[in-house]
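First the structure, then my questions, so here it is.
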Amino acid sequence: MPNSTTVREFLLTRFSDVWEFRVVHIMLFLLMYLATLTGNLLIITVITVDQRLHTPMYFFILNLSVLDMCYISVTVPKACVVFLLNNRVISMAGCAAQIFLVVLCATAELLLLTIMARDRYVAICQPLHYHVIMTPHVCVQMTLASVLSGLVYAGVHTGNTFHLSFCHSNVVHQFFCDIPSLLKLSCSDTSTNEIVIFASTMIVGGGCFSFIIKSYIHIFSTVLKFPTRGEQRKAFSTCIPHILIVIIFLGSGAGVYLKPTSNSSQVQDMVSSVFYCILPPFLNPVIYTLRNKQIKDAVMLILRRTLTFFRKTIIVSTHSY
């Protein structure tokens, strides 16, 4: 049994050791990863190119897409390698980096989703003051604040985790390094770590969730007073997708981080991790593209312009011959 001086690397866990199942898991993870990158790149391109989408709401969606691409890239490529090859090793430094980046992206995403709820509240409940409150300068400041807060939060929890000694085992019962799985491997007293994780999760996660719920109570009470169903439908279409993402993200994350490590099931934790690490980045572009008329119109416009450009290029090259 290795002690704290000999553990220099960890072994990640697959969902199954059966080769056929591993191939299925690789295919699913890889397809979700490629779809996430493609969808988010499309959103970033459309919002950047179309001047009509240079508004606070789409500025936050663009930043969310960038964050989602980083978030899913921290875990899925390494997981696919683990599923494919017999080498399940991740170094101590690689494990620390993975924990830091996962916590950073998750925290920044939660704060950004909270800011987006604030944006919707101002747009619907205080429309006359919207451009005064949600100025470009304020939007940039709030986005930077969410990232900087994520850096601090991730640094604190990563530092607390790797101050522990690891001697029970070096097998991480997860397809990526995360804090609850590492706490199970520690031969140090982890009660302080668990208290800090629980308290910080309740303060940050609970605070953000409370703010989002309060914002949407005001939003829905205002929307229900709109004179026409068309206006109500339009307002709901921008709010409901956001609520769904928040529920999936917070619910699955809380299920892993608020539960005592001694009571957690390996399979349940691995499945829950898919819901808060992979599903939100995968669903965000689908939801914001398919349910947002302005983005769909912008995509169609760019596609038409692209087809027209290629058609003209082919005609010119044909005439040159």
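Which whole-number percentage describes the relative contact order of region 113-272, with Cα contacts under 8 Å and a sequence gap of 6 or more? Please list the in-between numbers first.
Values: 98 pairs, mean separation 51.4, N = 160.
It comes to 32 percent, rounded to a whole number.
Under the rule of -39500 (n - 2.57) per DSSP H run of 4 or more residues, summed and divided by the residues of the chain, what mean residue ellipticity at 222 nm is obtained, to the nearest 500 deg cm²/dmol? Don't skip to the end; give the middle numbers.
Working: 11 runs with 245 residues, N = 321.
Calculated mean residue ellipticity at 222 nm is -26500 deg cm²/dmol.
Then there is this: According to a simple spin-label model (label point 7 Å from Cα along Cα-to-Cβ), what is the distance in nm between Ser169 and Val196?
If labels sit at Val196 and Ser169, their model points lie 2.5 nm apart.
Per the 1.4 Å probe, what fraction of the accessible area of region 25-170, in percent, lies on carbon and sulfur atoms? Please list the in-between numbers first.
Values: 4700 of 6390 Å².
After summing per-atom areas, the C and S share lands at 73 percent.
Something else about it: For the pair Ser237 and Arg8, how long in nm is the line joining their label points, each one 7 Å along Cα→Cβ?
Spacing of the two 7 Å Cα→Cβ label points: 5.9 nm.
Right, here's the next one. By how many degrees, 0 to 90 and rounded to 10, does the Cα axis of helix 136-161 deviate from the longest principal axis of the chain?
That helix lies at roughly 10 degrees to the long axis.
Enter the angle in degrees (range 0 to 90, nearest 10) between the Cα long axis of helix 279-290 and the first principal axis of the Cα atoms of the chain, meaning the one along which they spread out most.
Tilt of helix 279-290: around 10 degrees.
In percent, how large is the relative contact order of the chain, given Cα pairs closer than 8 Å and 6 or more residues apart? Before the final figure, lay out the partial values.
On the way: 349 pairs, mean separation 83.8, N = 321.
With pairs under 8 Å counted, the relative contact order is 26 percent.
Ranking request for peptides 219-230, 82-93: highest mean number of other beta-carbon atoms within 10 Å first, then the rest in descending order. Let's see the in-between values first.
Working: 219-230: 12.2, 82-93: 14.7.
Answer by packing, highest mean first, reads 82-93, 219-230.
Under a 10 Å cutoff between Cα atoms, tell me which one of Tyr130, Tyr33, Tyr276 has the largest fluctuation in the Gaussian network model of the chain.
Tyr130
Still on this model: If we count every other residue with Cβ under 12 angstrom of Cys139's Cβ, Lys/Arg +1 and Asp/Glu -1, where does the sum land? Don't skip to the end; give the middle numbers.
Working: positive: Arg118; negative: Asp119.
Residues close to Cys139 contribute a combined charge of 0.
Please give the solvent-accessible surface of Cys187 in Å², to the nearest 10, using a probe radius of 1.4 Å with every protein chain present.
Here the residue's solvent-accessible area equals roughly 60 Å².
Let me confirm the definition first: pairs of Lys residues in the chain, 8 or more apart or on different chains, C-alpha distance under 24 Å. How many are there?
Numbers: Lys78/Lys184; Lys184/Lys259; Lys214/Lys225; Lys214/Lys234; Lys225/Lys234; Lys225/Lys293; Lys234/Lys293; Lys234/Lys296.
Close lysine pairs under the 24 Å cut-off: 8.
Unpartnered cysteines of the chain (Cβ-Cβ under 4.7 Å counts as a partner)?
By the Cβ distance rule, which asks for a partner under 4.7 Å, the isolated cysteines are Cys70, Cys80, Cys105, Cys125, Cys139, Cys208, Cys239, Cys277.
Accessible area per residue, 1.4 Å probe, Å², for the chain: what's the number? Don't jump to the answer; show the numbers that get you there.
Numbers: 16350 Å² over 321 residues.
Solvent-accessible surface per residue comes out at 51 Å².
In addition: So how tilted is helix 56-84 from the main axis of the chain? Cα-based, degrees 0 to 90, rounded to 10.
Tilt relative to the chain: about 40 degrees.
Residues in region 86-111, backbone N under 12 Å from the label point at Trp19 (7 Å along the Cα-to-beta-carbon vector): list them, ranges by number please.
The answer is 86.
The values are calculated or read from the model by the stated rules, or taken from the named source; none is laboratory data. Predicted model, so just to flag it, every value in this text is computed and none were measured. Here the Cβ is made from the backbone with ideal geometry for all residues, glycine too, and neighbour counts use every protein chain on show. Protein only, heavy atoms only, side chains kept; ligands, DNA and RNA dropped before computing areas. Shrake-Rupley method; radii C 1.70, N 1.55, O 1.52, S 1.80 Å.
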